[in-house]
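Here the structure comes first, spelled out in structure tokens, and everything after it is commentary.
The values are calculated or read from the model by the stated rules, or taken from the named source; none is laboratory data. No experiment lies behind these values; they were computed from the predicted model shown. Every residue, glycine as well, gets a Cβ built from its backbone with ideal geometry; the counts of neighbours run over all protein chains shown. Surface accessibility is based on the protein's heavy atoms, side chains included, excluding ligands, DNA and RNA. Shrake-Rupley method; radii C 1.70, N 1.55, O 1.52, S 1.80 Å.
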Amino acid sequence: MADHILLRHRDIPDLDQLEVYLEHGGFEAFKQAVTGMTPQEVIDVVKASGLRGRGGAGFPAGVKWGFLAPGVFPRYVVANADESEPGTFKDREILERNPYQFLEGVAICSYAAQANTAYVYCRGEFWDLAHELEHKIDALHEAGLLGEGIFSTDYSLKIHIHLGAGAYICGEETALLDSMEGKLGQPRLRPPFPAAQGLFAKPTVVNNVETLTNLPPILNRGADWYRSIGTEKSAGPKVFCLSGCVARPGNYELPLGTPFRQLIFEHGGGIPGGRSIKAILPAGASAPLLPATDEVLDTPMDYESVPKIGSQLGSASIIVIDETVNIAWLVHKTTRFFEHESCGKCTPCREGTYWMHHLLQRIERGEADLEDIDLLEAVARGMQGKCLCALGEFAIMPVISGIQHFRADFEARVRNGR
Amino acid sequence: MLAEKYSSEIESILAKYPDDRKRSAVLPLMYLAQCEYGSVTLEAMIEIADLLDIDVTQVASLIGFYTLLWDRPGGKYRIQICTDLPCALQGAEEFAHQLCEKLGIQLGGTTPDGMISVEGVMCLAACNGAPMFQVQGPDGIQYHERQTVESALALIDELRKRDDSG
């Protein structure tokens, strides 16, 4: 893409400085919304744009805002900057390098939701970044773009930064809200959904950083322009995070619907050392892994096409696996992650991730029998559909798909130990 | 007491949340304590609980849940290497092993002078910068990407010098 829409800092130097952002049309979209549109009109434009949540679920953003309990105030907007999925590092680049576009997105979303307070929930590890964002917010107050009576209207808005303290599960929106309330970050039973009773039991919109960063260009250039990018059902640009066994790992902003092959080989420079590609994890650790067949490599990366080949696009964190990687080792790594990050609230996830990790350690150490591979799969299937939130479901996906496509790798580990 | 030394910080933290939702300030206050004392001491937990009108247990339980909070001192600087899948594919486990060997400690251990701990941690959202680690210490948390054993050892020397002069 010649001109970046989300990673605009790559085209415009010093875009993280407010005066530079303003010179390049910054906060015109927010001004247009506050001075010339009703909140409902903003929601309608976002609905018409087809923007879908970029945190992983792909739920239409405007529709989500439309669920806010009518007539109940105060309302809150919470930006989810708890970026923790293995292989995902797009929000960090946006927050560091293009922070004002993100903050303008928070402001637009807050206006649409009729919220006067917004919070940015940053993972605790983003310590320096969070403190830098606080300075950026101060600069917006000084410029009159936040605070009381914005653009001489009666709209007022404050944005606060809230630091987490190290817990993957807080990326799940209801766990995030409990964490913000000073509790253990554990998912809530739903309903009620956050749009009805979210932060402090008030109607709340929770959106991912990248989702919010899409809002200023959508308002500036219109829903039709936005829909002209990407595919019919998956509109717009997406920041694809490319990592693993690839020559040029990094973030790549491309239209949704770009095939895996183009990302990995054209943009990412392919597999180093003349090795061949073996598999792809298309959504970090949280989706089934796919053998790198021609069919898979030629699949468009969008919310409809990836499920058709048996996986998910999720947050679009593509981890490339080459022929030297044993899949039992890989599944041990992902399972160790989920075992560590399981919040412990529901039994299938807490116990299931523990036992899967235990079995995989046995396989990795060469202490397992061949039946342990079946037992591992049985534990995974036993968790399926029984967990309180998506984490437990995510945890079993690499396990089941790994055994399905690469059983020989597990057997090799078992045999080598005997 | 935190309240005496950090009264303005505490005030601005509490101002972020509704008056009847002070409990939201618990993590920021625990960070204040940890930067001051190196861990969240029992005295600090009691003080935070009093400030927020919650039970000490409600403060203490967060320490086991959140990985960045500590109830006992480790190295003054905690080097937390991401050894999760994407970094591991770029050699992070070997990097962690070699760094520990140079420092003469096990992963998870602390140098005899109490200055440096090395830990393996989960994904830090810097997968394109592997091998990488964060340093958690009295000044918060800083990222260090695209590291080698040599660059990490140079940073450790610098941290030790910073401590001598500070």
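Here is how the numbers come out for the structure above:
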| quantity | calculated |
| --- | --- |
| Contact order normalised by residue count of segment A:8-227, Cα under 8 Å, 6+ apart, percent | 30 percent |
| Long-range HN-HN contacts of residue A:230 with modeled amide H, under 5 Å | A:236, A:256 |
| Separation between Cα centres of segment A:19-80 and segment B:119-158, rounded to whole Å | 36 Å |
| GNM top mover of A:23, A:364, A:85 - chain A, alpha-carbon springs below 10 Å | A:23 |
| Delta accessible area of at least 30 Å² on complex formation, residues of segment B:114-131, 1.4 Å probe, chain isolated as reference | B:122, B:123, B:125, B:127, B:128 |
| Surface accessible to a 1.4 Å probe, per residue, for the residues of the protein assembly as shown, Å² | 38 Å² |
| Among A:72, A:42, A:320, residue whose mean-square fluctuation peaks in a GNM of chain A (springs only between Cα atoms under 10 Å) | A:72 |
| A/B buried area, accessible surface, summed, 1.4 Å probe, Å² | 3800 Å² |
| Computed label-point distance, nm, for sites residue A:181 and residue B:50 using a 7 Å Cα→Cβ extension | 2.7 nm |
| Percent RCO, i.e. relative contact order, over segment A:61-154, from Cα pairs under 8 Å lying at least 6 residues apart | 33 percent |
| Carbon + sulfur, % of accessible area of the protein assembly as shown - ligands and nucleic acids excluded, 1.4 Å | 49 percent |
| Gaussian network model of chain B, springs between alpha carbon atoms under 10 Å - residue of B:31, B:143, B:77 with greatest fluctuation | B:143 |
| Centroid-to-centroid separation of segment A:102-158 and segment A:211-242 [C-alpha atoms, Å] | 22 Å |
| Size of charge dipole - chain A - debye, nearest 20, with Cβ of Lys, Arg +1 and Asp, Glu -1, no other charges | 920 debye |
| Where labels lie 7 Å past Cα in the beta-carbon direction, separation of residue B:19 and residue A:329 in nm | 6.0 nm |
| Too-long pairs where the Cα-Cα distance tops 23 Å, listed order kept, from A:278/A:333; A:345/A:386; A:158/B:5; A:64/A:202 | A:158/B:5 |
